[in-house]
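To start, the structure under review is shown below, and the notes come after it.
The values are calculated or read from the model by the stated rules, or taken from the named source; none is laboratory data. Every value quoted in this text rests on a predicted model; they were computed, and no experiment measured them. Here the Cβ positions follow ideal geometry from the backbone for every residue, glycine too, while neighbour counts run over all protein chains shown. These accessible areas exclude ligands, DNA and RNA; they are computed on the full protein's heavy atoms, side chains included. Shrake-Rupley method; radii C 1.70, N 1.55, O 1.52, S 1.80 Å.
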Amino acid sequence: MASPDPALLSLNTATVRERWNLAQMIDGCARHGIRGISPWRDKLDELGAQEAARRIRAAGLTVTGLCRGGMFPARTQAARRAAIAENLKAIDDAAILDARCLVLVVGGLPAGSRDLAGAREQVKEGIAAILPHARACRVPLAIEPLHPMYAADRACVNTLWQALDLCDALDPKRSGALGVALDAYHVWWDPELEAQIRRAGRTRLLAYHICDWLVPTTDLLLDRGMMGDGVIDLKRIRAWVERAGYRGFHEVEIFSVRNWWQRDPDEVLATIRERHRRCS
Ligand code: ZN
């Protein structure tokens with residue numbers, strides 16, 4: 001299979017978050033010929049959305065997504081309303097950045113709860129509540145299904161199938177306002193993956209995140225691998241995604257407390273470029 005277009009490479013800022021601030025990340029992308037960037041909101045707060053948008057535009061970068069909205073389920077009505085208010089703000093920031101989407105990590109079980117079905121219902125209600133504002137701001141919402149090991153504390157939407165059912169329920173006309181962020185790390189194991197990518201199609205595939213699954217994985221959250229160092233058949237998944245009509249960026253998102261976060265970010269970005277070409 002042909003190597004991916006290097007112009008489609010994007011940096012999720014989590015990958016270098018321990019050593020660089022957002023301004024350094026923007027400069028770093030420009031220096032390494034990386035054309036896309038996906039900031040997290042904590043980093044965005046360093047500069048403010050307006051100033052960040054100005055610098056990102058000046059560097060010629062595309063914002064491939066803003067991370068993140070979501071975290072809808074909560075024990076009380078008031079907390080659920082606060083989560084929705086926070087999401088509306090995130091949509092505003094994404095609009096200022098002209099982001100391709102706002103990524104939704106939907107949230108897990110409220111503290112002390114065992115009601116997974118109830119949490120999933122709260123997610124549906126939360127997305128329904130923010131969708132009109134997202135439409136008005138022209139910010140597509142991208143539901144990111146997370147690996148089931150995060151169902152309790154991060155996201156109770158765990159497969160692409162489940163995320164697409166939500167999309168179909170809330171946006172039956174496939175308007176483009178609601179879709180998915182497909183992260184290979186979270187979904188590579190799913191026997192339904194190819195079929196569900198086909199089902200998603202171009203209108204629902206809003207972002208594509210890559211890294212690798214290490215064997216063994218020593219930390220549930222912070223031990224993601226560089227492309228090529230693990231067991232995910234990234235070329236095959238890219239082929240499925242492209243066959244479904246996706247032409248967007250390939251966003252590299254690596255949480256790696258003991259390895260990549262320890263290294264010089266310039267080395268990390270150079271490695272990303274090389275592995276993107278060779279291993280994804
Ligand atoms: Zn992701």
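For the condition among the basic types (Lys, Arg) and either open to solvent by less than 60 Å² (accessible area, probe 1.4 Å) or over 18 Å from the mean Cα position of the chain (by Cα) (or both), what is the one hit in ARG80, ARG68?
Residue meeting the stated conditions: ARG80.
Could you please let me know if GLN196 is polar (S, T, N, Q) and either within 15 Å of the ligand (Cβ to nearest atom) or in contact with a Pro (Cβ under 8 Å, 6 or more places away or on another chain) (or both)?
no
So which residues in the stretch 109-145 are part of a loop (DSSP other than H, G, I, E, B), open to solvent by 10 Å² or more (accessible area, probe 1.4 Å), in contact with a helix residue (DSSP H, G or I) (Cβ under 8 Å, 6 or more places away or on another chain) and more than 16 Å from the ligand (Cβ to nearest atom)?
LEU109, PRO110, SER113, ARG138
What's the number of the only condition in (1) open to solvent by less than 10 Å² (accessible area, probe 1.4 Å); (2) aliphatic (A, V, I, L, M); (3) part of a helix (DSSP H, G or I); (4) within 16 Å of the ligand (Cβ to nearest atom) that MET149 fails to meet?
Only one criterion is unmet by MET149, namely (1).
Within the stretch 208-225, is even one residue part of a helix (DSSP H, G or I) and either of a type in the set (Lys, Arg) or open to solvent by less than 30 Å² (accessible area, probe 1.4 Å) (or both)?
No, the conditions are met nowhere in the stretch 208-225.
If you go through the stretch 113-153, how many residues are of a type outside the set (Val, Ile, Thr) and within 26 Å of ARG198 (Cα to Cα)?
19
I need the full set of residues from the stretch 1-46 which are under 19 Å from ALA90 (Cβ atoms), part of a loop (DSSP other than H, G, I, E, B) and either away from the ligand (no atom under 16 Å from the Cβ) or open to solvent by 60 Å² or more (accessible area, probe 1.4 Å) (or both), in order please.
Selection gives ARG17 alone.
Which residues, taken from the stretch 167-207, are among the basic types (Lys, Arg) and either under 14 Å from the mean Cα position of the chain (by Cα) or surrounded by 19 or more Cβ atoms within 10 Å (Cβ to Cβ) (or both)? Can you show your working first?
We begin by selecting, within the stretch 167-207, every residue among the basic types (Lys, Arg); these are 173-174, 198-199, 202, 204.
Scanning the stretch 167-207 gives a single hit, ARG204.
For the stretch 152-163, enumerate the residues that are aliphatic (A, V, I, L, M) and surrounded by 23 or more Cβ atoms within 10 Å (Cβ to Cβ). Outline the logic, then answer.
Keep residues of the stretch 152-163 that are aliphatic (A, V, I, L, M), which gives 152, 155, 157, 160, 163.
Residues satisfying the conditions are ALA155, VAL157, LEU160, ALA163.
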